[in-house]
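Heads up, the thing below is written out as structure tokens.
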Amino acid sequence: MSSIKPKIHTVDLVLVAMFAALMAIGANLTSFLVIGSVPITLQTLFAILAGALLGSRMGSLAMIVYLLVGLVGFPVFAQFSGGLRTFVSPTFGFLLSYIMVAFVTGLMIERSKKKKIATFMAACFVGLIINYVVGTHYMYYAFQFLAGLEAVSYQVVWTWMAAPAVKDIILTFFAAVLSSRIYHIVNKRRGRNSLPNQVA
């Protein structure tokens, strides 16, 4: 395996900015719907797609850019929120998880010898699991130790995630199918012409 890292092209930076913008849009398209303390968003879909299409480095960079833009005060998080107060929000763990989601999803696809639909399906659903495990556990500990709401139990926070989970499972399946179809097209435009193994 070659240790030479691919160069960053202008199109990479454009795609990073595009996915950061999509995260902001996805955060607020449907975030007026709230279950428990969890806004219903499309962010998981875009985080998974960022990793699947841009790879581990550029995909996670897009999520970092999105997070930093929100933390400096721009209203790009769910319900048009932003700023440093987000650190104490129960849903901050989900924002952190998007970086890991994009990185791991991209890494699994990059390291696969054959870019088949099964590869994308596995990588995308691992990304979804990371999103829920990290985000939900952070939310539980935030309620317990930051907000002091001991009545919000571990079972309660996972119950809140049941309805978003149905939506996210469907969207993750869609993300896997879509990314498997356009992966080589996107990477060809990024100058990754030497990528072997067609999606089957």
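Every number in this text was worked out from the coordinates using simple rules, so none of it is lab data. For clarity, every value in this text was computed on a predicted model and none was experimentally measured. Note that each Cβ is placed from the backbone with ideal geometry, even for glycine, and that neighbours are counted across all protein chains shown.
Points worth noting:
- Inter-part distance, the range 23-84 to the range 123-165, computed on C-alpha centroids, equals 17 Å.
- Evaluated at q = 0.09, 0.13 Å⁻¹: base-10 log I(q)/I(0), Debye formula over Cα of the chain: -0.34, -0.68
- Using 0.36 nm per residue and subtracting the Cα-Cα separation, the extra length available between Arg181 and Tyr154 on full extension is 5.9 nm.
- The packing ranking, built from the mean of other Cβ atoms within 10 Å per residue, places the peptides 180-188, 56-64, 97-105 in the order 97-105, 56-64, 180-188, highest first.
- Estimated distance in nm for a label pair at Ile64 and Phe174, the labels positioned 7 Å out from Cα along Cα-to-Cβ: 3.0
- Along the axis of the charge dipole computed for the chain (Cβ charges of +1 for Lys and Arg, -1 for Asp and Glu, origin at the Cα centre), the listed residues Val34, Leu45, Met18 are led at the positive end by Met18.
- Label-to-label distance for Ala147 and Arg111 is 3.6 nm, based on points extended 7 Å past Cα in the beta-carbon direction.
- Sum of -39500 (n - 2.57) over DSSP H runs of 4+, divided by residues of the chain (222 nm, nearest 500): -22000 deg cm²/dmol
- Residues in the range 111-151 that a label on Lys188 would reach, taking backbone N under 20 Å of a point 7 Å out along Cα→Cβ: 114-117, 120
- Net charge dipole size for the range 10-189 [Lys, Arg +1 and Asp, Glu -1 on Cβ; Debye, nearest 20]: 760
- Degrees between helix 43-71 axis and first principal axis of the chain (Cα, 0 to 90, nearest 10): 40
- Among Val133, His184, Ala163 the positive-end extreme of the charge dipole of the chain (Cβ point charges): His184
- Protection-proxy order for peptides 121-127, 106-112, each taking the mean of Cβ atoms within 10 Å per residue, highest first: 121-127, 106-112
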